[in-house]
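Undergrad: Would you mind keeping the following structure in view while I ask a few things?
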Amino acid sequence: MPGLLGKKIGMTSVFSAEGKNVPCTVIEAGPCVVTQVKSVEKDGYAAVQLGFQDKKEKHTTKPLMGHFKKAGVTPKKHLAEFKEFETELNLGDTVTVELFNDVTFVDVIGTSKGKGFQGVVKRHGFGGVGQATHGQHNRARKPGSIGACSYPAKVFKGMRMGGQLGGDRVTVQNLQVLKVLPDHNLLLIKGSVPGCKGSIVIIEK
């Protein structure tokens with residue numbers, strides 16, 4: 001789907017026409033520059049690669065530098081591919097937040113906040129002390145029994161246990177667009193989106 005790369009600025013709230021205070025996320029969406037146009041004949045599929053945020057030449061590898069010079073654009077920090085743009089785009093074209101002017105809902109893709117290694121209570125919502133888990137004797141916030149009997153004598157894959165929480169690629173669908181501010185390249189989206197302040201997100205129609 002057509003979309004843009006953006007940076008999560010933070011959260012705020014705006015008043016709706018009915019006078020309700022609506023929490024929303026502010027995203028700096030674009031401007032993005034077309035760095036590559038893929039075609040069915042050459043690449044096997046049609047897509048447009050967009051670049052977001054300038055980067056110094058000394059921090060750019062030589063292969064990528066050649067890629068950007070071919071497109072006639074300055075080096076970019078972040079690249080992403082999008083399909084099915086309504087208008088035909090050429091190398092060097094700029095796509096702005098005005099892409100979402102007539103859009104009511106968007107999907108946002110981001111990397112969720114990493115919370116490190118967590119136990120089963122925080123990671124999977126186990127009961128802990130109050131609702132003692134099956135197989136638990138006198139230990140708070142523990143998983144309890146995890147295995148079967150002497151047969152099959154193993155722990156099945158997918159067993160809910162402690163482990164790494166967060167830091168995953170997350171897609172939140174059908175978020176409402178409250179306001180588009182083209183002068184400041186800002187997009188106001190109802191509710192929260194994955195990631196911390198300053199993290200890079202992908203906004204799709």
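The values are calculated or read from the model by the stated rules, or taken from the named source; none is laboratory data. Computed from a prediction, not measured in an experiment: that's the story for all the values here. Note that each Cβ is placed from the backbone with ideal geometry, even for glycine, and that neighbours are counted across all protein chains shown. Protein only, heavy atoms only, side chains kept; ligands, DNA and RNA dropped before computing areas. Shrake-Rupley method; radii C 1.70, N 1.55, O 1.52, S 1.80 Å.
Undergrad: What percentage of all Cα-Cα pairs in the chain are separated by more than 30 Å? Don't skip to the answer; put the middle values down first.
TA: Details: 8907 of 20910 pairs.
That fraction is 43 percent.
Undergrad: Further, regarding this structure: Report the charge-dipole magnitude of the chain in Debye, nearest 20, computed about the Cα centre from +1 at each Lys and Arg Cβ and -1 at each Asp and Glu Cβ. Mind dumping the intermediate values first?
TA: On the way: 29 positive and 17 negative charges, 323 e Å.
Around 1540 debye, computed over the chain.
Undergrad: Which one of Ser112, Leu186, Phe82 is farthest out on the positive end of the charge dipole of the chain, using unit charges on Cβ (Lys, Arg +1; Asp, Glu -1) and the Cα centre as origin?
TA: Farthest towards the positive end: Ser112.
Undergrad: Springs between alpha-carbon atoms under 10 Å, Gaussian network over the chain: tell me which of Glu98, Glu84, Glu41 tops the mean-square fluctuations.
TA: Per the Cα network of the chain with a 10 Å cutoff, Glu41 tops the list.
Undergrad: Rounded to the nearest 10 Å², what accessible area does Cys24 have for a 1.4 Å probe in the complete protein model?
TA: Solvent-accessible area, nearest 10 Å²: 0 Å².
Undergrad: Turning to a different aspect of this structure: With a Förster radius of 35 Å, plug the Cβ-Cβ distance of Glu98 and Lys56 into 1/(1 + (r/R0)^6) and report the FRET value to the nearest 0.05. Each step should come with its number before you reach the end.
TA: Numbers: r = 28 Å, r/R0 = 0.81.
Taking R0 as 35 Å, the efficiency between Glu98 and Lys56 is 0.80.
Undergrad: Label-point separation (nm) for Ser39 and Glu81, each offset 7 Å from Cα along Cα-to-Cβ?
TA: Roughly 1.7 nm, to one decimal.
Undergrad: Helix 62-71 versus the longest principal axis of the chain: what is the Cα-based angle in degrees, 0 to 90, to the nearest 10?
TA: Long axis of 62-71 versus the principal axis of the chain: about 50 degrees.
Undergrad: Rounded to whole Å, give me the distance from the Cα center of region 155-194 to that of region 95-129.
TA: 3 Å
Undergrad: Here's something else I'd like to know. As a check on your grasp of the helix formula, calculate [θ] at 222 nm for the chain: sum -39500 (n - 2.57) over DSSP H runs of n ≥ 4, divide by the residue count, round to the nearest 500.
TA: -2000 deg cm²/dmol
Undergrad: Now for a different question. About the Cα centre, and with charges only on the beta carbon of Lys, Arg (+1) and Asp, Glu (-1), how big is the dipole of region 92-205? Nearest 20 debye, please. Before the final figure, lay out the partial values.
TA: On the way: 15 positive and 7 negative charges, 228 e Å.
My answer is approximately 1100 debye.
Undergrad: What does the net charge come to around Glu28 if you take all other residues with beta carbon closer than 10 Å to its beta carbon, with K and R at +1 and D and E at -1?
TA: On the way: positive: Lys7, Lys8; negative: none.
Around Glu28, the surrounding residues sum to +2.
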